[in-house]
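S.K.: Got a structure here, written out as structure tokens. Questions coming.
No value in this document is a laboratory result; all are computed from the given coordinates. As the structure is a computational prediction, the values presented were derived from the model and not from experiment. Every residue, glycine among them, receives a Cβ derived from its backbone with ideal geometry; neighbour counts consider all protein chains shown.
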Protein chains: 2
Amino acid sequence: MKAKGYMGKILRIDLSTRKIETEQLSDEVALKFIGGSGLGAKILYEETDKETDPLGSENPLIFAVGPVNGTKAFNSDRFDVVSKSPLTGVFAESNCGGYWGGKFKRCGYDVMVVKGRAESPVYINIDDNGVEIRDAACYWGRDTFEATEAFKNDLGNNVRAAVIGQAGESLVKYANIISDGKHGRATGRCGLGAVMGSKKLKAIVVNGTKKVGIDNEDGMTAIMKRLGPLMKDDPEALRIGGTTVGLDFNESIGNHPVRNWYQGNWKEGAKKITGMTMVEKRLVKRYHCGQCVINCGRVVKASGGPFDGQEIAGPEYETMSLLGSNCLVDDLDAVIKTNELCNRYGLDTISTGNCIGFAMEAFERGYITKNDADGLELSWGNAQAVIELVKMIGKRKAVGKLLGEGVRRAANELGGFAPEFALEVKGLEPPAHDPRAHFSVGLGLATSNRGACHLAAFTHDFEASGTSIGDLGSPPLTKRFITDGRAENVFRMQHLMSMLDSLTFCKFILFGNGLAVQPCIDYLNCITGWDFDPKEFFKTGERLFNLKRLYNNRLGISRKDDTLPQRMLYHKKEGTTNELPPLNLMLNEYYKLRGWDEFGIPTEEKLKELGLEEYIQGKRM
Amino acid sequence: MKAKGYMGKILRIDLSTRKIETEQLSDEVALKFIGGSGLGAKILYEETDKETDPLGSENPLIFAVGPVNGTKAFNSDRFDVVSKSPLTGVFAESNCGGYWGGKFKRCGYDVMVVKGRAESPVYINIDDNGVEIRDAACYWGRDTFEATEAFKNDLGNNVRAAVIGQAGESLVKYANIISDGKHGRATGRCGLGAVMGSKKLKAIVVNGTKKVGIDNEDGMTAIMKRLGPLMKDDPEALRIGGTTVGLDFNESIGNHPVRNWYQGNWKEGAKKITGMTMVEKRLVKRYHCGQCVINCGRVVKASGGPFDGQEIAGPEYETMSLLGSNCLVDDLDAVIKTNELCNRYGLDTISTGNCIGFAMEAFERGYITKNDADGLELSWGNAQAVIELVKMIGKRKAVGKLLGEGVRRAANELGGFAPEFALEVKGLEPPAHDPRAHFSVGLGLATSNRGACHLAAFTHDFEASGTSIGDLGSPPLTKRFITDGRAENVFRMQHLMSMLDSLTFCKFILFGNGLAVQPCIDYLNCITGWDFDPKEFFKTGERLFNLKRLYNNRLGISRKDDTLPQRMLYHKKEGTTNELPPLNLMLNEYYKLRGWDEFGIPTEEKLKELGLEEYIQGKRM
């Protein structure tokens, strides 16, 4: 291929037949679908159908990087995993930091598509010399940290491993994939670890050192020089407090779950687990992903319990909220512990926290008994119960087996009115951002292609801080409770995020580059030699967003699914927010802007405009 | 029993064992549950459970009258049928006029509970001399008019028969029961005719002449004297034009379905099928139910087609709207024909019209093909197609089999986005009143116990005319688009309607008695010798409404089911109404007023207040 920034190769591995093949990536495809989740979506669309079982051997597990990855560009060491989700049954993507993405790309590939199912546990080893499917008997059954350590011990300290824990092995529906072990990162959402487990694939270990070509090295240097000082100074709060820094602020405006999303004001509790408290009390050091100068990662020293004195990863904002306040737990050390356990088992902390909050409400309402929970009292704020429940989920024991299916299935199984307090969108449990505090978050969660996702529109941070992305092309995002014009912000942000997940950049690059889109476009052009202008850049993001939507449409997803959990639609959180998101009105405006019909299906005209003619599905889908 | 107005007996018939038994009705039960649908709800609650199959022999089919029935009270000749609905799976009630109710009561019974299943078709004959289960081989397979005629021929002109047609026999899910044949009335909603068919019960033929006791004859005479002139003069429009008289007005404000509830303005079309057009062009005479002086029934002369020149029942408002405008049919004679066909097959015209509107949209969108419909072009406004579809539904042929399952099941079966244009609440298709034109209709349809029902709150007529029920006890119902206070009107109207359906009065009595509640209370007290005041009267209505709710709660019905069809929640009907019902806000106010929890479950406190302690279901339902 001509475009720089790409390795030009798709790696295909079939674990059933042990066949390993390489395919060319064309310029045409790269230009149209970029990389990461965009390119992954294209492959997923074409290689699955309505009947594909997410845990069946036919479901492809797609690892993809983009053109900026493996270069020196700031915040560029990320990768995307795309598949059909076993948790939701619809489009799944999850983006992950660390160092795995760059090491994978430098093995010489832009994408890896894994299909089939090994007869016994295996791992895939990729380096400059080639690709091997290897026996993983001695790694299987170990937690993610142990397994990662073992790979480093066995294969050398330079390797990077993306591994699953016991949760992925035993097919917990929201098992994740952990890269870089102990102080690592996760492809948290949608249960991609269970897809990996279903293939009996314990890990993908990478160690590439090939060079990624750059079209305009001088241009790159100029961007880096311009952004360098900004990146180091600007996202100050994030650097000091990590992602958890805003927890008490979010709590104060109601943008935060307390007691399974029911309770409003919980101020004293929030302060005990907010970012600055963690910094003051437990911080050891900061850590970061490849090419990052922000350093939002945290190493903390655990105090008490099984990890007493150990230096482990500190909980991120989502984790602290969902395993903390959402269960009424205000014990910082307890959340540090549950986070550590989730990471070791390989469990998405957002889904886990939601499932435990749900379980506590179910316990209170008599749907789950002490007997179901091996004698545990699942009362609000019972930190020990949260810790034990994480273990039960990780091991699929007692009520943990049910909870490991996600709140939608668990609620349906429990029956009665349990679905009334099961919070999810399209089957995915919500992150710690609340439509009752930001109307735009409501529209974002309702329309994100993977379900309740805060990263596909990512409007909340800009609204809350009163800042906005200068050259986004829509009005500033500063008012939280307006309806008119809200759709346009979400619409444009979804395209920008689609691009960042395809390039693949960390979203925090926006904080560091003066809150502008243009530097991302400059990077793309300098690296590839293409000539994107903002219009084409956003149009490409729109193409990718629509392609994922079409994938879901084919599965029956439509307006009826673009909704929010009941509790977010009608229950006001006393003391923090008195608002309820006017979802229907926002959706009407949004569909119109999107060129989708009243059911939320892209029109033929829109698909032609986006160059997606070949994905037109006909009248009846 | 001591209370007058009751026969004091419950008739129990088991068609499997052919056992016929009589049970006493106690004063205590009568005072608490009144009669009609209230008493029916009590029996249904106690004699079915979660697992009861609506079409299984164990499902009781309950016919019940109330204390005013069989007396000379105006508008009192009605009866209620209660069961578990095969269409919706939840509480079913349907109220019917004519002359059957009075003749049944005068046989000496207040209630009849039919269980079991006959081996071959039977009918039940009840008169002053007793009850018999008789062979119905020679009536089975005949349409409702033919069967009714045959019963009259065979048993005498004085008998009154409640019969099912071919639709009930073949278990079409919204088959109805027709009383008094050709110029008769129907228990239209919820598929009670299918329950009857599942029992192989073709008809219940009654001919009682016993006297119903009255406690205070002088008081009765005084009420009659006072109301007589009012009843004859007041509901003038209804008397002149029948229920269809308001069709063009309703169309003008958007309170009316056009093109499967999608289209707004259709003025020229509406005028062609409105009540006054029918009066001017086709009216032969008026007819009425027992004890009625309003005469809202219509006999018309059919013109053209199979019924050319015949004098048949004219379509009611709901029928004209759903089989007419909802299918874009503006041909008066075609709707007269389809109405006649529905009555003969024994099909609910509201559900039938909704199913055909749905089928036409499904055809347009490619979900149903010409081939599925035996070569028919199911295009909008194709009157011949509507006529043929009614036949297919009645006979369960071709696509008619699917459509006879109701829109919810049909849409799920068709898959894809079909549920987006399937209009129903709790599985019941909506009547021709639109929440986009009256917010109170939205709250009423969403909370009615049998699903989308306009008669359980019945607010629209009062709002539209700017009149109100003087002594209802809540603010006047004159503004269509306010949210605040709307819940209180619906709340009180639901209690009044619960009482009317239990007494059992025709709801049009309100138009004729100066729009007041007190005359209904006076009737009740004069007949029974009880001493109801307005407070106790409304409290009793509240008890009955809550009992039905509890029945549904036990089946899993909660807030998630108190909703409206998608199309009514977000699609604005251009040219008629620009409003969308703020359902969530109204529901919040409504639950609070009801003393229901956030999921729509009556609290223990409320149930104790209503004397429903024994129906408290515990924390987990």
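S.K.: Kindly provide the Kirkwood hydrodynamic radius of the range B:541-621 in Å, to one decimal, from all pairs of distinct alpha carbon atoms. Don't skip to the answer; put the middle values down first.
M.R.: Values: mean 1/r = 0.0706 Å⁻¹.
Mean inverse Cα-Cα distance, inverted, gives 14.2 Å.
S.K.: Relative contact order for the range B:239-418: what percent, with Cα pairs under 8 Å and sequence separation of 6 or more?
M.R.: On the way: 303 pairs, mean separation 32.2, N = 180.
So the answer I get is 18 percent.
S.K.: With a Cα-only, solvent-free Debye model of the protein assembly as shown, what are the log10 I(q)/I(0) values at q = 0.05, 0.07 Å⁻¹?
M.R.: Results for the protein assembly as shown at q = 0.05, 0.07 Å⁻¹ read -0.40, -0.74.
S.K.: Same structure again: Please work out the FRET efficiency for the pair B:Ser303 and A:Lys479, using the Cβ-Cβ distance as r and a Förster radius of 60 Å; give the result to the nearest 0.05. Provide the component values of the computation, followed by the final result.
M.R.: Values: r = 62 Å, r/R0 = 1.03.
Between B:Ser303 and A:Lys479 the formula returns 0.45.
S.K.: Run the label-point distances for B:Lys267 please: 7 Å along Cα to Cβ, every other copy, nanometres, shortest first.
M.R.: 5.9
S.K.: Something else now. Please compute the volume of the convex hull spanned by the alpha-carbon atoms of the range A:303-360 and report it per residue in Å³.
M.R.: Measuring per residue, one finds 74 Å³ for the Cα hull of the range A:303-360.
S.K.: Based on the Cβ-Cβ distance of B:Asp533 and B:Thr603, what FRET efficiency does E = 1/(1 + (r/R0)^6) give at R0 = 25 Å, to the nearest 0.05?
M.R.: Details: r = 25 Å, r/R0 = 1.01.
The formula returns an efficiency of 0.50 here.
S.K.: Based on the mean of other Cβ atoms within 10 Å per residue, sort peptides B:286-299, B:244-257, B:43-56 so the most packed one is first.
M.R.: Details: B:286-299: 20.6, B:244-257: 24.2, B:43-56: 15.9.
Output ranking for B:286-299, B:244-257, B:43-56: B:244-257, B:286-299, B:43-56.
S.K.: Taking neighbour Cβ counts within 10 Å as the exposure measure, how do A:Met224, A:Met112 sort from fewest upward? List each step's numbers first, then the result.
M.R.: On the way: A:Met224 16, A:Met112 25.
Ranked by crowding around the Cβ, least crowded first: A:Met224, A:Met112.
S.K.: Between A:Lys507 and B:Glu268, how many nm apart are label points set 7 Å from Cα along the C-beta direction?
M.R.: For A:Lys507 paired with B:Glu268, the spin-label model returns 5.3 nm.
S.K.: Further, regarding this structure: Give me the percent relative contact order of chain B, please, defined on Cα pairs under 8 angstrom at least 6 residues apart.
M.R.: Values: 1499 pairs, mean separation 96.2, N = 621.
For chain B, the relative contact order is 15 percent.
S.K.: Still on this structure, please answer the following. If the label for A:Lys210 sits 7 angstrom from Cα along the Cα-to-Cβ line, what are its distances to the same label in every other copy, in nm to one decimal, shortest first?
M.R.: In ascending order, 9.5 nm.
S.K.: Using the Cβ atoms and a cut-off under 9 Å, what net charge is assigned to the surroundings of A:Lys173, where Lys and Arg are +1 and Asp and Glu are -1? Please list the in-between numbers first.
M.R.: Numbers: positive: A:Arg409; negative: A:Glu405.
Charge balance in the 9 Å sphere: 0.
S.K.: Any idea what the B:Glu28 label distances to the other copies are, label 7 Å down the Cα→Cβ vector, nm, shortest first?
M.R.: Those separations, rounded to one decimal, come out as 8.4 nm.
S.K.: Sorting A:Phe491, A:Phe307, B:Phe63 on the 10 Å Cβ count, fewest up front, what's the list? Mind showing how you got there, number by number?
M.R.: Numbers: A:Phe491 21, A:Phe307 18, B:Phe63 29.
The fewest-first ordering by Cβ neighbours comes to A:Phe307, A:Phe491, B:Phe63.
S.K.: Rounding to the nearest 20 debye, state how big the charge dipole of the range A:439-615 is about its Cα centre with +1 on each Lys and Arg Cβ and -1 on each Asp and Glu Cβ.
M.R.: The calculated dipole for the range A:439-615 is roughly 600 debye.
S.K.: Cross-link partners among lysines for A:Lys573, C-alpha distance below 20 Å, same-chain residues fewer than 8 apart left out?
M.R.: Once the sequence-local lysines are set aside, what remains near A:Lys573 is A:Lys267, A:Lys271, A:Lys479, B:Lys560, B:Lys592.
S.K.: Using the Cα centre of the range B:439-615 as origin and beta-carbon charges of +1 (Lys, Arg) and -1 (Asp, Glu), tell me which of B:Leu544, B:Phe508, B:Gln566 is placed farthest towards the positive end of the dipole.
M.R.: B:Gln566
S.K.: Could you tell me how far the Cα centroid of the range A:184-227 sits from the Cα centroid of the range B:374-438, in Å?
M.R.: Comparing the Cα centres of the range B:374-438 and the range A:184-227, I get a distance of 52 Å.
S.K.: Under the definition of partner shielding as Cβ atoms of other protein chains within 10 Å of a residue Cβ, what is the mean value for peptide A:557-565?
M.R.: 2
S.K.: Next up: Calculate the spin-label point distance for A:Glu132 paired with A:Glu217, positioning each point 7 Å from the Cα along the beta-carbon direction, and give it in nanometres.
M.R.: If labels sit at A:Glu217 and A:Glu132, their model points lie 3.4 nm apart.
S.K.: Aspartates and glutamates near A:Lys182 by alpha-carbon distance under 13 Å, same-chain residues fewer than 8 away left out - which ones?
M.R.: A:Asp143, A:Glu146, A:Glu149, A:Glu311, A:Glu340
S.K.: Along the axis that rotates chain B into chain A, which residue of chain B has the nearest beta-carbon, and what is the gap in whole Å?
M.R.: B:Pro582, 4
S.K.: To the nearest whole number, what is the average tally of beta carbon atoms from other chains within 10 Å of the beta carbons of peptide B:416-422?
M.R.: On the way: counts 11, 13, 3, 5, 8, 2, 0.
For this peptide, the per-residue mean of nearby foreign Cβ atoms is 6.
S.K.: Where a Cα-Cα gap under 20 Å defines reach, which lysines qualify for B:Lys370, not counting those fewer than 8 residues away within the same chain?
M.R.: Partners within reach: A:Lys619, B:Lys391, B:Lys395, B:Lys397, B:Lys401.
S.K.: To the nearest 20 debye, what is the magnitude of the charge dipole of chain A about its Cα centre, counting +1 on the Cβ of each Lys and Arg and -1 on the Cβ of each Asp and Glu? Could you put the intermediate results ahead of the total?
M.R.: Numbers: 80 positive and 80 negative charges, 99 e Å.
That gives a dipole near 480 debye.
S.K.: For chain B, go through all pairs of different Cα atoms, get the mean of 1/r, take its inverse, and jot down that Kirkwood value in Å.
M.R.: Values: mean 1/r = 0.0418 Å⁻¹.
Hydrodynamic radius (Kirkwood, Cα pairs) of chain B is 23.9 Å.
S.K.: Two-decimal Rg/Rh of the range A:124-273 from alpha-carbon positions, Kirkwood Rh? Could you put the intermediate results ahead of the total?
M.R.: On the way: Rg = 20.7 Å, Rh = 18.9 Å.
Here Rg/Rh amounts to 1.10.
S.K.: About its Cα centre, what dipole magnitude does the range A:239-418 give when the only charges are +1 on Lys and Arg Cβ and -1 on Asp and Glu Cβ, stated in debye to the nearest 20?
M.R.: Computed charge dipole of the range A:239-418: roughly 380 debye.
S.K.: Arrange B:Thr349, A:Thr540 by Cβ neighbour counts within 10 Å, fewest through most, would you? Walk me through the numbers on the way to the answer.
M.R.: Values: B:Thr349 27, A:Thr540 23.
Listing B:Thr349, A:Thr540 from fewest to most nearby Cβ atoms yields A:Thr540, B:Thr349.
S.K.: Kindly flag which residue pairs out of B:Lys173/B:Lys272; B:Lys9/B:Lys548; A:Lys200/A:Lys337 have an alpha-carbon separation exceeding 25 Å in this structure.
M.R.: Numbers: B:Lys173/B:Lys272 31 Å; B:Lys9/B:Lys548 23 Å; A:Lys200/A:Lys337 28 Å.
Result: B:Lys173/B:Lys272; A:Lys200/A:Lys337 exceed 25 Å.
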